[in-house]
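Student: Dropping the structure in here first, questions after.
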Amino acid sequence: MTTYLLSASLLLALLLGSLGRSAAKVIEVEWKIPGLGDSYEDQQAFVDDTVKFIWTGYHNVYLHKNKSCDKTGSELVGSENDNTGTYEFKEPGTYTFACQVFSHCIATQIITFNVKPKETTSVPSSVPSSVPSSVPSSVP
């Protein structure tokens, strides 16, 4: 009976551990110039999530490290010919993406992601080393 309880405890700890990890997500963004007076809202993501930009027409996607439409130091994520671009978040922080075609960025084709550390649930790191040597044989 002791072996059975120990095995059950170990199995439960393993199951809880696997449930505590959150899987990385793919966040799809329909990449276009928002309507007049509209803009993209800031988004939340976690480390290891991936943002996937999808578009039709003539657009591109650049990571703008200065969090504005200034192109200085920007990094290409998806070119005009790709119609898609992906970026995986490796560290917490603020990431801003913009279209550099014509004046699209100024026309509010710019989006910011606030990336947080991986979200996990606390689970016991070990299984109790001992279990009761006897189990009550009757219920009062």
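The values are calculated or read from the model by the stated rules, or taken from the named source; none is laboratory data. None of these values were measured; they are calculated from a predicted model. In this analysis, Cβ positions are derived from the backbone assuming ideal geometry, glycine residues included, and neighbour counts consider all displayed protein chains. These accessible areas exclude ligands, DNA and RNA; they are computed on the full protein's heavy atoms, side chains included. Shrake-Rupley method; radii C 1.70, N 1.55, O 1.52, S 1.80 Å.
Student: Which one is most open to solvent (accessible area, probe 1.4 Å), of the residues in the range 45-84 that are aliphatic (A, V, I, L, M) and part of a strand (DSSP E or B)?
Tutor: Across the range 45-84, the extreme among qualifying residues is Leu76.
Student: Does Tyr4 satisfy the condition of being at pLDDT 95 or above, among the hydroxyl-bearing types (Ser, Thr, Tyr) and either under 17 Å from Cys105 (Cβ atoms) or open to solvent by 100 Å² or more (accessible area, probe 1.4 Å) (or both)?
Tutor: No; evaluated as a whole, the condition is false for this residue.
Student: Do you know which of the residues in the range 85-130 that are modelled with pLDDT under 95 and aliphatic (A, V, I, L, M) is farthest from Trp31 (Cα to Cα)?
Tutor: My answer is Val127.
Student: Continuing with this model, one more query. Name the residue that is farthest from Asp42 (Cα to Cα), counting only residues in the range 15-31 that are at pLDDT below 95 and open to solvent by 90 Å² or more (accessible area, probe 1.4 Å).
Tutor: Among those that are at pLDDT below 95 and open to solvent by 90 Å² or more (accessible area, probe 1.4 Å), it is Leu15.
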